[in-house]
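A quick write-up on the structure given underneath.
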Amino acid sequence: MSEAGKNGLTYSDAGVDIDAGNLMVEKIKPAVRSTRRPGSDSEIGGFGGLFDLKAAGFTDPVLVAANDGVGTKLKIAIDADFHDTVGIDLVAMCVNDLVVQGAEPLFFLDYFATGKLDPDQGAAIVNGIAAGCREAGCALIGGETAEMPGMYSKGDYDLAGFAVGAAERGQLLPVGDIAEGDAILGLTSSGVHSNGFSLVRKIVEVSGLGWDAPAPFFPGKSLGEALLTPTRIYVKPLLKAIRETGALKALAHITGGGFPENIPRVLPKNLAAEIDLDSIPVPPVFSWLAKTGGVEAKEMLRTFNCGIGMIVVVAAENVQAVTDVLTQAGEIVVPLGRMAARAEDGAGVIYKGTLGL
């Protein structure tokens, strides 16, 4: 054998396994197929994903796009070796941002990067993404799997998601007539969702508990499993309420920054959200985090959703109609407060009462 033949390097020698990538694509095809919807019926594997807006039923649409990741919640999934639900988080973080603008999510693309591709791990993640897409009613029309030795430590990976939705022209939110006295409703969260996990991990470190220890706040689940509870997807109930009542004035997705950072994004500069903290049903996970980490209520409110994942603004006379539709669609609706006049240079969120930690 020649010297070149003996020493000839392959891509596999450099740490990239093309066969593993192909195997993963085969494993995920049924999951991807399960997300098909009007406007999308193509197979993955092309150079780009196709979507037909006309077939989706739109006549004069405005497109709305959002992208996001899962943050350091992924580190818990990696350390606990539980990868089935982070894909739902990835979809949720993107599609919840679309629906707050009145848009119906249409299609989704994902980016999955890892140091060494494990086809089974990758398939578990994409199965979660497909589950999130089905729940949101959007099609998974493409993605990228990047095997990058030297960029990620063994077992580590990262995810990014990209979603596109549409609304008929003139039907986007927020509307321009938000007024003093309008009611603020909250939709309960499923837990921590996908924000503040660097602090969560720090608190777990302080607690001395392992990911496989029983969760102190969730009987019957391990700590890792309980903290990996996926982000709630609010898309279908909110679209139903938008279409059936026509009464929703504004929506705010409560992500990183909590109430004080997210609610003012959809309000006019002359109005503030007056929130009654006593009305919030705080899930036990937040009480445990606050107590174990000695985290003050103000810090909790600007880091976590504290039990409310979505804010809905409606005129006072429409509260019952909107609440009925959302409740029938499976949401737990909490009367949270009202719109009030904002003082010059005043905060966009005003708190009354005490958070029940």
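The values are calculated or read from the model by the stated rules, or taken from the named source; none is laboratory data. Please read these numbers as outputs of a predicted model, since none were measured by experiment. Cβ placement follows ideal geometry from the backbone for every residue including glycine, while neighbour counts extend to all protein chains displayed. SASA here: full protein model, heavy atoms, side chains in, ligands and nucleic acids out. Shrake-Rupley method; radii C 1.70, N 1.55, O 1.52, S 1.80 Å.
Using a 1.4 angstrom probe with every protein chain in place, what is the largest-first accessible-area order of E331, E317?
Sorted descending by solvent-accessible area, the residues read E317, E331.
What is the range 250-357 by shape, rounded, prolate or oblate, if you read a ≥ b ≥ c off the alpha carbon gyration tensor as root eigenvalues and call it rounded for a/c under 1.5, prolate for a/b larger than b/c, and oblate otherwise? Show your work: numbers first, answer last.
Numbers: a/c = 2.01, a/b = 1.18, b/c = 1.71.
The shape class here is oblate.
Using R₀ = 41 Å, calculate the FRET efficiency as 1/(1 + (r/R₀)^6) where r is the Cβ-Cβ separation of A343 and N318; round to 0.05.
0.90
Just to confirm my numbers, what's the Cα centroid distance between the range 44-77 and the range 134-181 in Å?
Using only Cα atoms to place each centre, the spacing works out to 6 Å.
GNM on the chain, C-alpha springs below 10 Å: top fluctuator among A347, A252, A163?
A347
Counting pairs of alpha carbon atoms under 8 Å apart in space and at least six apart in sequence, what relative contact order in percent does the chain give?
21 percent
Give the residue from L223, V175, V99 lying farthest towards the positive end of the charge dipole for the chain; charges sit on Cβ (+1 for Lys and Arg, -1 for Asp and Glu) and the dipole is referred to the Cα centre.
My answer, from the dipole projection, is V175.
Using the Karplus curve 6.51 cos²θ - 1.76 cosθ + 1.60 with θ = phi - 60°, work out ³J(HN,Hα) for each residue of the range 51-62 in order, rounded to whole Hz, and write x for Gly and Pro.
8, 9, 4, 5, 5, 7, x, 9, 10, 9, x, 9
Measure off, as a whole percent, the carbon and sulfur share of the 1.4 Å-probe accessible area of the chain, all protein chains present. Don't jump to the answer; show the numbers that get you there.
Details: 8430 of 16220 Å².
The nonpolar share, carbon plus sulfur, comes to 52 percent.
I'd like to know which of G45, F162, H253 lies farthest towards the positive end of the charge dipole of the chain, counting +1 on Cβ of Lys and Arg and -1 on Cβ of Asp and Glu.
So the residue we want is H253.
Taking K and R as +1 and D and E as -1, what net charge do the other residues with C-beta under 12 Å from the C-beta of V62 add up to?
Here the charged neighbours net out to -2.
Given a 1.4 angstrom probe, what's the average accessible area per residue across the range 1-121, in square angstrom?
Per-residue accessible area for the range 1-121 comes out at 51 Å².
In deg cm²/dmol, rounded to 500, what helix-only [θ] at 222 nm does the chain give when every DSSP H run of at least 4 residues adds -39500 (n - 2.57) and the total is split over its residues?
Value at 222 nm, helices only: -10000 deg cm²/dmol.
Shape of the chain from its Cα gyration tensor (a ≥ b ≥ c, root eigenvalues): rounded if a/c is under 1.5, otherwise prolate when a/b > b/c, or oblate?
Since a/c reaches 1.5 but b/c is at least a/b, the shape of the chain is classed as oblate.
Report the charge-dipole magnitude of the chain in Debye, nearest 20, computed about the Cα centre from +1 at each Lys and Arg Cβ and -1 at each Asp and Glu Cβ.
440 debye
With +1 on the Cβ of every Lys and Arg and -1 on the Cβ of every Asp and Glu, and nothing else charged, how large is the dipole of the range 309-357 about its Cα centre, in debye rounded to the nearest 20?
Values: 3 positive and 5 negative charges, 28 e Å.
Charge dipole, the range 309-357, about its Cα centre: 140 debye, nearest 20.
Going by a ≥ b ≥ c, the root eigenvalues of the Cα gyration tensor, does the range 99-168 fall in the rounded group (a/c under 1.5), the prolate group (a/b larger than b/c) or the oblate group?
Values: a/c = 3.30, a/b = 2.33, b/c = 1.42.
Verdict is prolate for the range 99-168.
Can you name the helices of the chain, as whole DSSP H runs, whose Cα span along the helix axis is 24 Å or more and whose Kyte-Doolittle mean is not below 1.0?
Span-like helices here: none at all.
Using the Cβ atoms and a cut-off under 14 Å, what net charge is assigned to the surroundings of D41, where Lys and Arg are +1 and Asp and Glu are -1?
Working: positive: K29, R33, R36, R37, K54; negative: E43, D52.
Value of the local net charge: +3.
Quick one: dipole size for the range 234-357, taken about the Cα centre, charges +1 on Lys/Arg Cβ and -1 on Asp/Glu Cβ, in debye to the nearest 20. Please list the in-between numbers first.
Values: 12 positive and 12 negative charges, 52 e Å.
About 240 debye.
Take the residue pairs K73/K221; K73/K249; K75/K202 and return only those whose Cα atoms are more than 22 Å apart.
K73/K249
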